[in-house]
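Presented below is the structure to which this report refers.
The values are calculated or read from the model by the stated rules, or taken from the named source; none is laboratory data. Treat the numbers as computed from the prediction; the structure is a model and nothing was measured. Here the Cβ is made from the backbone with ideal geometry for all residues, glycine too, and neighbour counts use every protein chain on show.
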Amino acid sequence: MKKIVSLSFAICTLLVITNCKKKPSNTVETGSASIVLNHFWEDSVFQLGTIYRNAVTSDTFNFETFKYYLSNVQLKNTAGNWIRLNDSYFLVDLSDTTSKNLVLKNVPKGNYTACSILFGIDSLHNISGAQTGVLSPTNGMFWSWNTGYIMLKMEGLSPNSSSNDFAFHVAGFEGPFSVLHRKEIDFDGAVLNVSTNHPKIVVDVAVNELWNNIPSLSISSFVQSVGLKSRDLAYSFTNSWYFKQLEN
Amino acid sequence: MRYLFVCFILVSIVISCKKDLIENTFVFNYSSSFPTPVYNVNEHDFSYNKFNLGRTLFYDKILSVDSTISCSSCHEQPHAFAGHSGAFSEGVNGQIGNRNSPSIANAAWIPKFMWDGGINHIEVMPIGPITNPIEMHETIENVLIKLKRSTKYQTLFKKAFGNETITDQKMLQGLSAFMAMIVSDQSKYDKVMRGETSFSTTEQTGFDLFNQKCSSCHSGPLFTDYSFKNNGLDQSFSDIGRGLITQNVLDNGKFKTPSLRNVELTYPYMHDGRFYNLTQVLDHYSNGIQQSSTLDPSLQNGIPLTSSEKTALIAFLKTLTDYELLTNRWLGEPRN
């Protein structure tokens, strides 16, 4: 008798489980949006291969590389909840204009008042072995000797550096020198409406402000390890971002 | 004549079946005394074909910039997959590295790779030596270009992953499948532990001494706790080791405790290969410890050992040699 009871109980449970599975899941209708990044050096558009002057140190320099990783984008809906967007990993490379337009896919349709972005790659993807696509080590943003993704890579030439060049590789994802920062960008009361359109969040990046916090290249022109310098640069970089406007 | 014929039939059956047999019965197996591996091979859809891709890559000089060295150049099977060309291994163009290439046996259990633990996952480990200018000095991009050109690799990748697309991720997962299979758990020590044989009197004395004096760091069935320690080699450090990775001065002069499995064959010893035999190593611990700020507290006074104790310890350490690992032809260079 006991056996029959437990057997029927098991069958019932099974039926419930299979039944549950068959029910169509609540499919959320999704749309898309973009975060458009405009880089500036003071009042002019920032670009590679151009000579800039640091107003604080009077150094002059010419960027050959300016690349950075952004990931784990979230959007805040009008109810105040943060919606995480899966697979949002982006490599912004100033030598590739299309990379400055971060396309957010599978965004649940609705209204949003803010977004938040992780500067760098989350620690999970730094410890999980070989990745591919935007996270492939072939993108030149991966440290092979001290595993981890570079968050920001800036390289170029400067007469103020004793070696005539500079290289800042801002990296480190764990411990006291983690460079990972999450930045919240509030839309200043505006509402991002995601439906069948493809709205844009326009952000200005004031590269000169990041460089205002870099001592003269005559003192130090290389950062290629984890540490305070990397961490401070990362912090300055997130602070050089400004919400500009929404284009619904 | 009839016997010969039967033999011929049998041999043909064996030859034709062997490959299928290997492919179907291929499993990642290890001693029940070992802990759960860090690299969960089952999560990675382990298969003979992935292993075979990795094995081919491991022995292929295509991974180096000028096709002069392969992984096996510095991780040789006869030396339990450690380097043997000298204290430091030779990279392309005869360049000499600055650290001794260690055994990669039991790699699936290693939580952090390299002497300084800078690499945190078996799959990204090969990127280090492939791209290091003083090792293989190649780029991953270029390796992929070379692999894509090769019909042999097109076939191997297709067999391993079901399609011909060659990516860095697949290459690294293949290499990891091979490295994970380099399991050393068939030494005399293992057989003694399983009750299949017994230690000689000297070996037993050595084993007892080992448990008293060495096993706090070289602990467990893998003979390492994988911690980073300064074992008193120098008063000042020309190579700061772990400190380079953590940027913490308290880690300067610290290196990973190596496994002692197959230690008889993995000479020279220490991160810089300064000791060429086990006697020198024991002499160091007994009366060669150098004081420095990060010296491990357990070594402040060294580990005093008499010469007969050293003899016994060495006899025990030699029971950690796994001759099956050295001769396992599935881990050797592929013949085709």
*Just checking, how many residues over region B:310-322 are surrounded by 18 or more Cβ atoms within 10 Å (Cβ to Cβ) and part of a helix (DSSP H, G or I)?*
8
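Please indicate, with yes or no, whether at least one residue in region B:221-240 is more than 30 Å from B:Met270 (Cα to Cα) and within 12 Å of another protein chain (Cβ to nearest Cβ). If you could, list the steps in order and put the result at the bottom.
Initial filter on region B:221-240 (more than 30 Å from B:Met270 (Cα to Cα)): none.
Looking through region B:221-240, none of the residues is more than 30 Å from B:Met270 (Cα to Cα) and within 12 Å of another protein chain (Cβ to nearest Cβ).
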*Close pairs from region B:138-166: first over 18 Å from B:Phe178 (Cβ atoms), partner of a type in the set (Lys, Arg), Cβ under 8 Å, at least 6 apart*: B:Gln154/B:Lys148; B:Glu164/B:Lys158
_Inter-residue pairs, beta-carbon under 6 Å, first farther than 14 Å from A:Val207 by Cα and in region A:230-247, second in a helix (DSSP H, G or I), 6+ apart_ = A:Arg231/A:Phe177
*Being assigned to a loop (DSSP other than H, G, I, E, B) and surrounded by 22 or more Cβ atoms within 10 Å (Cβ to Cβ) is the filter here, so list the residues in region B:223-245 that pass it.*
B:Phe223
_Those residues of region A:175-194 which are within 27 Å of A:Val226 (Cα to Cα) and more than 14 Å from chain B (Cβ to nearest Cβ), in sequence order_ = A:Leu180, A:His181, A:Arg182, A:Lys183, A:Glu184, A:Ile185
*Residue by residue through region A:98-135, note down the ones that are part of a helix (DSSP H, G or I) and either over 20 Å from A:Leu246 (Cα atoms) or within 14 Å of chain B (Cβ to nearest Cβ) (or both).*
A:Ser123, A:Leu124, A:His125, A:Asn126, A:Gly133, A:Val134, A:Leu135
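Looking at region B:120-169, which of the residues that are small (Gly, Ala, Ser) and in a helix (DSSP H, G or I) is farthest from the other protein chains (Cβ to nearest Cβ)?
Selected residue: B:Ala160.
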*Can you name the residue in region B:58-101 that is part of a loop (DSSP other than H, G, I, E, B) and of a type in the set (A, V, I, L, M, F, W, C) and, of all such residues, is nearest to B:Asn262 (Cα to Cα)?*
B:Ala80
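Checking the structure you have, find out if any residue of region B:323-335 is closer than 24 Å to B:Ala80 by Cα, outside any loop (DSSP other than H, G, I, E, B) and free of Cβ contacts under 8 Å to residues at least 12 places away in the same chain. Full working, then the answer.
First, pick out the residues of region B:323-335 that are closer than 24 Å to B:Ala80 by Cα: B:323-335.
Next, from what is left, pick out any that are outside any loop (DSSP other than H, G, I, E, B): B:323-327, B:329-331.
Filter once more, so that each one left must be free of Cβ contacts under 8 Å to residues at least 12 places away in the same chain: B:327, B:329.
Yes.
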*Kindly provide the set of residues from region B:102-119 that are within 12 Å of another protein chain (Cβ to nearest Cβ) and part of a loop (DSSP other than H, G, I, E, B), ordered by number.*
B:Pro111, B:Lys112, B:Met114, B:Trp115, B:Asp116, B:Gly117, B:Gly118
_Residue that is surrounded by the fewest Cβ atoms within 10 Å (Cβ to Cβ), among those in region B:165-181 that are of a type outside the set (A, V, I, L, M) and farther than 30 Å from B:Leu317 by Cα_ = B:Thr165
*Restricting attention to region A:225-248, which residues are within 14 Å of chain B (Cβ to nearest Cβ) and either buried (at least 17 other Cβ atoms within 10 Å of the Cβ) or closer than 19 Å to A:Phe46 by Cβ (or both)?*
A:Ser225, A:Val226, A:Gly227, A:Lys229, A:Ser230, A:Arg231
*With respect to the numbered conditions (1) crowded, with 20+ Cβ neighbours inside 10 Å; (2) within 14 Å of another protein chain (Cβ to nearest Cβ); (3) of a type in the set (S, T, N, Q), which one is the sole condition not fulfilled by B:Asn248?*
(1)
_Anything in region A:140-194 that is among the β-branched types (Val, Ile, Thr), outside any loop (DSSP other than H, G, I, E, B) and crowded, with 19+ Cβ neighbours inside 10 Å? List them, or say none._
A:Ile150, A:Val170, A:Val194
*Matching strands (runs of 3 or more DSSP E) fully within region A:16-95 where at least 1 residues are among the polar types (S, T, N, Q), within 23 Å of A:Asp204 (Cβ to Cβ) and at pLDDT 95 or above*: A:30-41, A:60-77
*Is there a residue in region B:182-195 that is aliphatic (A, V, I, L, M), within 23 Å of B:Tyr285 (Cβ to Cβ), surrounded by 20 or more Cβ atoms within 10 Å (Cβ to Cβ) and within 24 Å of the chain's Cα centre (by Cα)?*
no
